[in-house]
1. What full-extension length gain, to one decimal in nm, is calculated for LYS401 and SER447 as 0.36 nm per residue of separation minus the Cα-Cα distance?
2. Report, by chain and number, residues whose modeled amide H sits under 5 Å from the one on SER246, excluding near sequence neighbours (fewer than 5 apart, same chain).
3. Per-residue HN-Hα couplings for the range 305-314, Karplus 6.51 cos²θ - 1.76 cosθ + 1.60 at θ = phi - 60°, whole Hz, x for Gly and Pro?
4. Which percent of Cα pairs goes in each bin when the distances of the range 542-665 are cut into 10 angstrom slices starting at zero?
5. What does the extension gain come out to for ASP633 and ALA412, with contour length at 0.36 nm per residue minus their alpha carbon separation?
6. Under 5 Å between amide H atoms, partner at least 5 residues away or on a different chain: which partners does ALA253 have, H built in plane at 1.01 Å?
7. Students often get this wrong, so check it: of LYS454/LYS596; LYS596/LYS657; LYS401/LYS596, which have C-alpha atoms separated by over 27 Å?
8. What are the residues whose amide H is under 5 Å from the amide H of TRP340, where those residues sit 5 or more places off or on another chain and H is modelled from the backbone?
Amino acid sequence: MKNLYKPAESAEELARLESRLRGSRAGFVVLMRLWLIASAFLVVIDLASCGFQGDLHPAARFWAVIPILAMGVGVAGAAASQLWAAPRLLAVQRQLLSARRRGDAELGEEIGSAEARIRAGLEALSPRRDTLEAALEGAERRSRRQLERLARNGVDLAVARLGRGAREGPLLESAGRLRVGLESYRAALAGVEIDCLLEACLLEPGSGVSLALGRAGDHLDTLPRPEAAGRAASDDEAVPNETRPSIAVLPFADLSPQRDQEYFCHGLADELINALTKVRQLRVVARTSAFSLRNEQLDVREIGRRLQVETILEGSVRRAGDRLRITAQLVRAADGLHLWSERYDRQVGDVFAIQDEITVAITAHLEVELLASGRRPSRQRQTEDIEAYHLYLKGRHFWSKRSPADLEESIAYFLQAIARDPRYALAHAGLADSYNLLGYYSVLAPSEAFPRAKEAAHRALEIDDDLAEAHSSLAFANLLFDWDWPGAEREFRRTFELNPGYATAHHWFAELLALRGRHEEAIEQVKLALDLDPLSLIINTLLGWVYYYARRYEEAIAALEETLELGPGFAPAVFWLGLTHQQQGRLEDAAAVLLKAIEHSDRSPMMVAALGRLHALMGEPDAARAVLAELEDASRPDYVPAYYIAAIHAGGGDREKALDWLERSREARENWMVFLGVDPIWDALRAEPRFTALLAEVGLTRDLS
């Protein structure tokens, strides 16, 4: 009972006290009954014994029982008083608990209101703070590699434009945060690229270069604001990232009773991404990055920070028979505020109209202008067959997984979609993409994969010549199989005209530029792809890959290590890191890294061959021969490129065998041959006439590297 005099901390504790009270009452009733029976029994015994002891008067014997009765009455009274007081105490406890809850709620509202006021105040003081910090975080990572060049190009020009001859008092700390807003810098540095300024500012202590604008901040308000930093963007050029709205479309949640609509949820989000990328003024995060967070329980603000976007579209799908319920909501990433939400209860066949409605609503709420001629940013409807559409979504679902088995599965679904609607251009483009990747990953022989990819891409373009995906697919096949560099570049340029936000096309175009020795352009294309798809592991790896072919090994290592921070154990990044260590002469480190790559890739022939080449370089011919035997065994059931075998022989110094195998690779039109001009593993063969002839046959030149 003593616990009743202590304040209850929760409703659960109060319920436990009430339960104990009920138990105590029941025990008291039983005790009183036993006491009455015992007392009566004692009285009867005492009175009955009076006849045997005549010297004691019966009344005296009766009074001898009184102390026992009095003690029982006292105990009963005390217990009864406690039990009588207990309900009142419980009532007081309830009142106290209710008052505490009300107080907590009022306090929570007051705290929330205070937080909102503080947040509003911070936003009023620095409306671009979050955007600026995100830009600075990325700039700090890149600044170590480009500071001196950017400083030379930017600092002197900035000082001259402000009319300041002396470099006094820096406005920012070394490797620290900017002390004035991004908009103020843009106003002060009216023709200087803001990215150049950021990179030039973020210097490590002791680097010898700093931005010294003196008291330029005093003059910021008097300087005119330029229309754009650096140069004005034309209608055909992308709007700078810091000025255009941005959005990420997350995969819709499957709330169907059978939980069997994942492909449709992903496909719906994918279609919305494709439609929104048609809006040039809108930066849309690509599928890979947006979908990479689907299994993480993250707050919308954290998602916005990771993807570096201002708004997020999320939703859910519930399907029962032919009925669909789709909900969609647009959320501001900075504070989680809902900007727009809608629910659609329709038939399955209305999914195209729903996509258009959602896209138009989003663009309206983001207040961006659409493409020329004012048309709404919806995709041209590719098919009227809803079943063909669902088959296409399933095909893209498996295509995005990229494993050989999933790519084979995607082909089956694309073919079924085409069988239902032979004029479904997107399904033909999806089929081309699947065969392209099967050839690219050397799952199929080049002569088997790429001609099928080209045929499917040409068929898609016959149906719809404005389909960006088909132009990109054709460009990739022209690049890897036909070795038609001008034709491939022409198709990529056409892709960007139709859909500048297609991250995969920027990825593949970067490969074309790299193999042609146009390394700076390739790096710019990778950065464009990363801007659209910042969490894509393969595109992050591509940056290190391009640096590797440009012989910028330290930058390659930095990029690949950043990728492995993003995705520990990602086999392609581990592989290229091992090759980079090898080119630096760190053979022991390279061996350890390549063993990890082989482990993470389930003994990929490409990575096994790289280890075999390393064994040959390290003077371990037995180990190199063992790798050659393993690749020979693997080539019987599967396809193993001759390029891999040539690399091992080149590592062992056997130039003739290396050239023999390279000629086999050229005869098979293996896609690896396109990197012959820039791949450093062939440097020892570049003076050989046969190697020069191979370069000419592929359409490359000797001076690419």
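Derivation of every value follows stated rules applied to the coordinates shown; laboratory data play no part. Values in this document were obtained by computation on a predicted structure and should not be read as measured data. Here the Cβ is made from the backbone with ideal geometry for all residues, glycine too, and neighbour counts use every protein chain on show.
1. Difference between extended and current length: 14.2 nm.
2. For SER246, whose amide H was placed from the backbone, the distant partners under 5 Å are ARG283, GLU310, THR311.
3. Here the 3J(HN,Hα) series is 5, 5, 8, 6, 10, 8, 10, 9, 9, 9 Hz.
4. Going from the shortest bin to the longest, the percentages are 15, 42, 35, 8, 0.
5. 76.7 nm
6. GLY315, SER316, VAL317
7. Those over the limit are LYS454/LYS596; LYS596/LYS657.
8. LEU330
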